[in-house]
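The values are calculated or read from the model by the stated rules, or taken from the named source; none is laboratory data. Please read all numbers here as calculations on a predicted model, not as lab measurements. Methodologically, a virtual Cβ is constructed for each residue, glycine included, from the backbone with ideal geometry; neighbour enumeration extends over all protein chains shown.
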Amino acid sequence: MAAVSGIKLKNWGKYAQLINAGKFHKRLVKHMGKALARSGKVAERAIRKQIQGKKLVKNAALTVAIKGANNPLVDGSELFKAITSKQLAWNKVFAGILREGVWAGKKFNIAKMLHEGRDIPVTKKMRNLFYVLWLASLDAKDGGGRLKGGASGRAAELFAKFQDWKPLRASTVMIRIPARPFVKQAMDDPRLQTSIREGWEGALKRVFSARAK
């Protein structure tokens, strides 16, 4: 006859849940998913704050004149509206700008261009535009209005904002847009990193606390 122990393990069901990998993963997905969603919103605010700050490369004088302001990347509210966060998975969140534009039949990411900078080749059309605007500037100084009577569209729009144009030098073959890494600078901020890390650590504690009960 086999010996039978008189000792019984109570609450075995709870122990079974404790070592159940599926239930652990379910709690992990729940709590960490919420933490990452909050992290995305925190990063969103940090990126906007970075754009509003004073650490980005300043605008050139011509850009200031055309925009009527000296705030890099701030031109109306389009860039701010485009900043967003999107949860891609329970353990992955995106914060930044997803929007793309279309120019000359090709897709381009203007946010990436502004973030990383870009060298734009000077075309004949661009050179002619600067030349026409320069002639109009000379005419305006003499009291004339050559552009107003002979051109319209983008040229008239630019001339209305700035009347001291110069022709492009023959040696100018590129127009450089300086890099303004507003997302990278925001994400590299130790305060933001600490805030996000604390949110994740709190989520993990809630997962393990639930298991320990």
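Couple of notes before you dig in:
- Matching residues, region 167-183, being surrounded by 15 or more Cβ atoms within 10 Å (Cβ to Cβ) and within 21 Å of LYS54 (Cβ to Cβ): ILE177, ALA179, ARG180, PRO181, PHE182, VAL183
- Among the candidates ALA69, ALA16, residue that is in a helix (DSSP H, G or I), more than 21 Å from GLU116 (Cα to Cα), at pLDDT below 80 and small (Gly, Ala, Ser): ALA16
- Of the helices (runs of 4 or more DSSP H) contained entirely in region 106-188, those carrying at least 3 residues that are modelled with pLDDT under 85 and over 32 Å from the mean Cα position of the chain (by Cα) fall at 124-141, 146-150.
- The residue that is farthest from PRO121 (Cα to Cα), counting only those in region 174-194 that are in contact with a helix residue (DSSP H, G or I) (Cβ under 8 Å, 6 or more places away or on another chain) and aliphatic (A, V, I, L, M), is LEU192.
- Qualifying residue in region 87-94 (condition: over 30 Å from LYS41 (Cα atoms), modelled with pLDDT of 90 or more and surrounded by 13 or more Cβ atoms within 10 Å (Cβ to Cβ)): no
- Residues considered: SER209, SER171. Of these, the only one that is under 30 Å from ALA21 (Cβ atoms), without any contact (Cβ under 8 Å) to a residue 40 or more places away in the chain and among the polar types (S, T, N, Q) is SER209.
- Filter pass, VAL102 being closer than 22 Å to ALA155 by Cα and either modelled with pLDDT of 80 or more or of a type outside the set (Ser, Thr, Tyr) (or both): yes
- Pairs, first more than 20 Å from ALA186 (Cβ to Cβ) in region 109-130, second aromatic (Phe, Trp, Tyr) and in a strand (DSSP E or B), C-beta under 7 Å, six or more apart: none
- Whichever residue in region 27-58 is part of a loop (DSSP other than H, G, I, E, B) and touching a helix residue (DSSP H, G or I) at 6+ places or on another chain (Cβ under 7 Å) and, among such residues, is surrounded by the fewest Cβ atoms within 10 Å (Cβ to Cβ): LYS55
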